[in-house]
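Okay, so here's the structure we're looking at.
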Amino acid sequence: MNIANVSLSEVKIMNLKKNKDSRGFLSEVYTRRAFEAEGDEIDFVQDNHSFSVKKGTVRGLHFQTPPVAQYKLVRVVRGSMFDVVVDLRRSSFSYGRHVSVVLSAAAWNQVLVPIGFAHGFMTLEDDTEVAYKVSDYYSPDHDKGLLWNDPVLGIQWPVPAKEALLSERDRAHPRLAELESPFA
């Protein structure tokens, strides 16, 4: 596993190794040892899998509040997506800044989203499937969001807003200026 820090130092993009032969491949997408070697001791408790039928589907920007805030380890198993992570830690010099990356089954990469960050994505292909681990269980009472296309965030989404496919819930999330971030 090759781990590279990006502009928000806590967010890590990982390029995974595939051991290939004539039958296909085997890939270690998560090993506790590799994460601990990088100083990340995360206890993942749940695996999630999402499927988006159409290109331009937006999911996010989501986060869970303490005491059940979550790390996420996100990868694409079919298709591709434009993935975004936004810093919501009020005391951080990078509060409100984001990092984006294209995750795809072809590139076989993944991103580690730390606690204190919102996460979302837009699919770049029809029939995109995403698998991700989380470090705490889903809690509807702690499930929150940030408006995906808040101009203050400056995210350059690959599909225009009028063509994006979103849930009503995701359309109604607050802008950064309206958000009372629970993360110090």
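Let me know the shape class of the range 106-184, please: from the alpha-carbon gyration tensor, a ≥ b ≥ c as square roots of the eigenvalues, rounded when a/c is under 1.5, otherwise prolate if a/b is greater than b/c, or oblate. Note, shape of the range 106-184 comes out oblate. Note on TYR137, TYR132: ascending count of other Cβ atoms within 10 Å places them as TYR137, TYR132, the fewest first. Working note: Karplus 6.51/-1.76/1.60 with θ = phi - 60° gives the range 161-167 the couplings 3, 5, 9, 6, 9, 9, 6 Hz, where Gly and Pro are set to x. The lysines within cross-link reach of LYS54, meaning a Cα-to-Cα straight distance under 19 Å and a gap of 8 or more places when in the same chain, are LYS162. So, counting K/R as plus one and D/E as minus one, what does the shell of residues with Cβ under 14 Å around LEU61 add up to? Within the 14 Å Cβ shell, the charges total +1. The distance linking the range 6-27 with the range 135-184 is 27 Å (Cα centroid to Cα centroid, whole angstrom). Note on the range 54-167: antiparallel DSSP beta bridges, both residues inside, total approximately 95 percent of the bridges counted. Look at the dipole of the chain built from charges on Cβ: of THR31, HIS142, ALA69, the Cα furthest out on the positive end belongs to THR31.
Pairwise alpha-carbon distances in the chain exceed 31 Å for 12% of all pairs. Once each of the GluC sites (Glu not before Pro) sitting in a DSSP loop with at most 12 other beta-carbon atoms within 10 Å is removed, the chain keeps 42-179 as its longest stretch. Using a Gaussian network model of the chain in which every pair of alpha carbons under 10 angstrom is joined by a spring, one finds that among ASP43, ASP83, ASP141 the greatest mean-square fluctuation is at ASP141. Think of the chain as a dipole: +1 on every Lys or Arg Cβ, -1 on every Asp or Glu Cβ, centred on the Cα centre; then among MET14, SER94, ALA177, MET14 lies furthest on the positive end. Computing Rg and the Kirkwood Rh from the Cα coordinates of the range 11-95 gives a ratio, Rg/Rh, of 0.99.
List the residues of the range 46-81 whose backbone N lies under 16 Å from a point placed 7 Å from the Cα of VAL102 along the Cα-to-Cβ direction. Only 55-57, 76-81 fall inside the zone, counting backbone N under 16 Å.
Note on GLU38 and ASP21: their simple-model spin labels are 2.8 nm apart, each label 7 Å out from Cα toward Cβ. If the label point is 7 Å along Cα→Cβ of ARG171, which residues in the range 38-76 have backbone nitrogen under 19 Å from it? Output list for this probe position: 53-62.
Taking the Cα centre of the range 13-127 as reference, the dipole from Cβ charges on Lys and Arg (+1) and Asp and Glu (-1) amounts to some 220 debye.
Counted by neighbouring Cβ atoms within 10 Å, the residues TRP108, TRP148 run from fewest to most as TRP108, TRP148.
Each of LYS20, LYS72, LYS144, LYS54 was scored by other Cβ atoms within 10 Å of its Cβ. Arranged with the fewest first, they read LYS20, LYS54, LYS144, LYS72. Excluding same-chain neighbours fewer than eight residues apart, the lysines reachable from LYS18 by a Cα-Cα span under 27 Å are LYS55, LYS72, LYS133. At a Cα cut-off below 12 Å, give the aspartates and glutamates reachable from LYS17, other chains included and same-chain residues fewer than 8 away excluded. Those aspartates and glutamates meeting the cut-off are GLU28. Computed from backbone phi with θ = phi - 60° and the Karplus coefficients 6.51, -1.76 and 1.60, the 3J(HN,Hα) list for the range 72-82 is 10, 10, 10, 8, 9, 9, 8, x, 7, 8, 8 Hz; x is used for glycine and proline.
Read-outs throughout are calculated quantities, based only on the coordinates presented, and are distinct from any laboratory measurement. This structure is a prediction, so every number in the text was calculated from the model and none was measured. Reconstructed Cβ throughout: ideal geometry from the backbone, glycine too, with neighbour counts over all protein chains shown.
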